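Bear in mind that the values in this text are calculations on the coordinates, not laboratory data. Bear in mind that the values here come from a model prediction, so they are computed numbers and not experimental data. FYI the Cβ positions are ideal-geometry reconstructions off the backbone, even for glycines, and counts take in every protein chain you see.
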Amino acid sequence: MEVGVVKEKPRLVEDTTTPIVVPARIDSKSHSLSFDQLLLNSIDEALKHLFNDAAVGAIYFYLKIMCQLPLEEIPSKSEAFSFSIHKLLGSGASVIEEATLKLLYSELNLKLAREEGHTFPDYINELRHKYKPT
């Protein structure tokens, strides 16, 4: 052992064992929810339909830690969300976006009509302007 050399244990930047928890889904038909909560519910439901709980947790962890996009900021940063999941999953991200949009439109009793050139953030921004909680 060298004299005068102190070897430090590596430090964790953040506790990675703490699960990222999504707020419990609330039935929007009986409660008035914000658009942001409806969007988060739809994203969460789409992810849980497509992936197991561990994979969903890993996706949320990736968004929060690697992309600096915490769950609560996703609704106001739909462009960053779309970019980040495309970066993580490639073309598979389109499946998540499509499922999210279908769920969100259904929740709002609207029909999803695809428009040429529209992106996930375009649809989210249009819905945000149309949505009026009861």
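At-a-glance table
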| quantity | calculated |
| --- | --- |
| Spacing of the two label points (7 Å from each Cα toward its C-beta) at H49 and E98, in nm | 1.2 nm |
| Distance from segment 115-134 to segment 57-102 (C-alpha centre basis), Å | 17 Å |
| Ranked by how many other beta carbons lie within 10 Å on average, peptides 97-106, 59-68 from highest | 97-106, 59-68 |
